[in-house]
1. If you count, for each residue, the other Cβ atoms within 10 Å and average over each peptide, how do 336-349, 561-574 line up from highest to lowest?
2. About its Cα centre, what dipole magnitude does the chain give when the only charges are +1 on Lys and Arg Cβ and -1 on Asp and Glu Cβ, stated in debye to the nearest 20?
3. Quick check on the range 263-376: take the gyration tensor over C-alpha atoms, sort the square-rooted eigenvalues as a ≥ b ≥ c, and tell me if it's rounded (a/c under 1.5), prolate or oblate.
4. Quick one: length gained pulling ALA267 to LEU128 fully straight, 0.36 nm per residue minus the C-alpha distance?
5. So for the range 470-628, averaging the separation of alpha carbon pairs under 8 Å that are six or more residues apart and normalising by length, what relative contact order in percent results?
6. Calculated FRET efficiency, GLN216 and SER307, Cβ-Cβ r, R0 41 Å, to nearest 0.05?
7. Tell me the net charge near ARG275. Cut-off is 9 Å between Cβ atoms, ARG275 excluded, with +1 for each Lys or Arg and -1 for each Asp or Glu.
8. Compute the Cα gyration tensor for the range 534-594, then decide on rounded, prolate or oblate, letting a ≥ b ≥ c be the square roots of its eigenvalues: rounded whenever a/c is under 1.5, prolate when a/b is larger than b/c in the other cases, and oblate in all that remain.
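FYI, it's all coordinate maths here, none of it is from the lab. Model, not experiment: these values are computed from the prediction. Quick reminder, even Gly has a Cβ in these numbers, built from the backbone with ideal geometry, and neighbours come from all protein chains shown.
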Amino acid sequence: MPAFAPLPHRTDRSFLRLACAFALLLVAPGIVRAAAGTEAQRAAFTTAYASAQRGDAAWKAQAKGLESYVLYPYLPAAALEHDLATLDTAAVSDYLARYPGQIPANDLRRAFLGELARRQDWNDFLALYQDGLGDALACDALQARMARGETLDFQRDLDALWHRPSLPGACDPVLAQARAQGLLTTDRLWARIDRALYAGAGGTVAALAGWLPDEQAAAGARLAQALRDPAAAVADADHWPDTPRHRQAAALALQRLARRQSGAADAAWLTLRHRFSFSDAQRNDVLNALALFHATDFDDNALQRLSQLPPDAQSDATREWRVRVALAAQNWPAVLKAIDALSPAQQADGEWQYFRARALAELGKPAQAQPLFAALAQQPTYFGFLAADRADAPYTLCPLSLDDDAARAQSLLANIGLQRAFELYAVGMPREARREWAQALRGTDPATQREAALLAYQRGWYDRAVFTFSSGDMLRLYEQRFPLASQDGVVPQAEQAGIDPAWAYAIARAESAWMSDAHSGADARGLMQLLPATAAQVARSYQLPWNGGDSLYDPAVNVALGTRYLAQMAARFNGAPWLASAAYNAGPIKVDQWLAERGTLPPDVFTATIPYKETREYVARVMAFSVIYDWRMSGRAVPLDARMPPIGATYAPPAPGAARKAISCPATAAASAERVPASSVSTSS
C-alpha cells in the first residue's frame, strides 16, 4: 500500500480522529466501529468517572447504557477505591472476579491490600495477595505470615529485598524480626551497606550501621557521614583509625567533597593521603574526582592536572573534560592532543569529530579540516548540521515513509486492551492510556509495535510514535517523530509571542516528547514543562487566563504560557534562541554566570563548555530539532549558525522569505542515515 501522506497542518483533535476513522474504515470497517467510542459515550463516561472518584453514587445513573463500553470497568473501580476505608473484602473479590487481569482491577487489589495491612486484617490480606505487587506489599505479606506464627527464611523471604539499596517503611518490622532471628549476619549487613553506598542511599547505611557489632558500628556511621556530610567527614577523618572501612569512608568523603568544593577537597587530600594507607584504586578514585571537578570549575590549572593524571586514574569523563577545558581556553593544539587521548569510542562521537575539524581549521589546516566537516555533514545531528554550515553543504535528511499493514492494523484494532488505550487517550486520561498500551503490546514483535504507533499517531497520540520510532531506520520517520501538532496552537502562539515557531516546536518536543501530562520531579508540567509558579508569573505579565497548576496539562494553556516564557528568556539574551534554550533548562541565573566566565567564546565552543551535561545536550537537541521542524514546515531550514548568533549580537526570528538551506539525501547518507554512536547528540530523543 502507498505510504501515508502528511497530516493536515490546520486541524483539531476531533477532525483528526474522524479523518483517521474514515481512512481505517477502508481496511477494517467493523473493527473500527467496535473500537471507537462515540462522543456521547465519552462524554457520559467522563461525567460518571468524575462522580465515581468523588464517591458520588450518581455515577451509576450517569453510566446507564455504558455497560458494554470498553472503559466501563474503570467506573466501579474508581467508586470502590474512594470507599477503601469502609470497603469489605467481598465487594473487592466480586470486582476482581468480574474483571480479572485488567489494570483497574490490579490497582484496586493493590490499594485494598494496603488498606487491609493498615487494618492488620492479615487473613483477608493473604487471601487476596499475589506476588509481584511491589516491595511494600511483599513486606506486608511477610508480616501477615509472621502474625500466623511463621518464622522467616532469609533465602526464601528476604534475599531479593536485601539487594535493594532502600526499602519502604512496611519492611521495618520484617527486618527487625529477621535481626531477632539472627538472619542479618555481619557479612550480610556489610554487603547491603556496600550496595547502598553505591546507590548513594545514606539513610540505609546509617540505619544498618546501628545493627553492626559495636566494634564496626563506628565505621558504618562514618560511611553514612561521608555520603551525607562529606565536609564534616573530611574534617573528622584526621582522628579516625587507619582501618579498611575508615579508609573507604575517607576516600568516599574526599570524592563527594570534590563535587561541591574542589579547593577544600584538595587541601584535605594533602593531609589525608599521608594519614591513611589508601589502596591504589582509592588513590586513583580521589585523584580522578579532584581533577574532574577542578575541570568543571574551569580552574586555571585544570588542563595541566587533567593531562598529568596517571593513566589508571583517568576515565572517559576526565578525558572528555580535558577537551572541554582546552576548548574553553581556545588552545587548539591542546584540543587536538586531548582528542587524541580519548578512547576510540569517544573519538568516534560526532562532537569530537566536529571539534577535531574545528581545531584543524583554527590552526590553518583547511585541507585536513574540510573533508572531516564534509563527512560529518551527512549526519542529521546537531554536530552534523554545524559541520554542514562549515562545509557550506546542504543539510542531510533522508525521510522514510511507513506503509500501513492493513491486516496487522485490523488485528490490533480488535485487541480490547488497545481499544481501551485509544479510548482513554480520547477521554483525556493519557497516563492510564499508556499503561493499557504497554500491557496490550507486551511481548509483541517490533512490526506490531510499529503498526500500533502508526495508529496512535493517526489519532493525534504523538508520544507513542516518538518513543516507538527511536532506533535504526525508524529514526528517519520524521513526520511521526516530529509531528506538526497545530491543534495545540504552537504556530499562532509562537507568532503572537514573537518567537520562531520551529524553535517553540523544538522546545516542546525536547521537553515532553508530546506527552501532555508530563510531570517532572521538580513539578514542571505539560508539553513545555512549566513550573506552576513560573506559569502564574507569565500569565500575570501577559494578562493571560490562569486556573492553577493543573491547567498546565491542557496543551492550549501550556503552549500559550510556554511560548511567552520562551519570549522572556529570549529577550534576556538579545533574542538568541540557543542561550534562551540553555536558560529554559538550567535557569537564567546560571547562564548569566557562565557568560560572565566564558562569554567571549564562539557559540559552538561555549555550548561545549556548559558545565551541566543535561544542559549541554539539551541545547544541542533543541537546536537540531529547530532545524528539523523548520524543514518540516517549509521544506528548507534556516542555517544553524544563523540560529546561534555570537554572544552579545542581536537576533531576530526568521522573517517571511528568510534565506534557508536546501535539504539533500546523498546516496551514502541514505544507506546509513542516523546510524551514529549512541553517545552522539542526535535527533533521536
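1. Numbers: 336-349: 15.8, 561-574: 22.1.
Ranked by mean Cβ neighbours within 10 Å, highest first: 561-574, 336-349.
2. Numbers: 67 positive and 70 negative charges, 193 e Å.
Rounded to the nearest 20 debye, it is 920 debye.
3. Working: a/c = 3.68, a/b = 2.31, b/c = 1.59.
Prolate shape, in that a/c is at least 1.5 and a/b is the bigger ratio.
4. Full-extension gain reported as 44.1 nm.
5. Values: 185 pairs, mean separation 34.4, N = 159.
This gives 22 percent for the range 470-628.
6. Details: r = 41 Å, r/R0 = 1.00.
Computed FRET efficiency for GLN216 and SER307: 0.50.
7. Numbers: positive: ARG273; negative: ASP238, ASP242.
Neighbourhood net charge equals -1.
8. Values: a/c = 2.31, a/b = 2.11, b/c = 1.09.
It comes out prolate by the Cα gyration axes.
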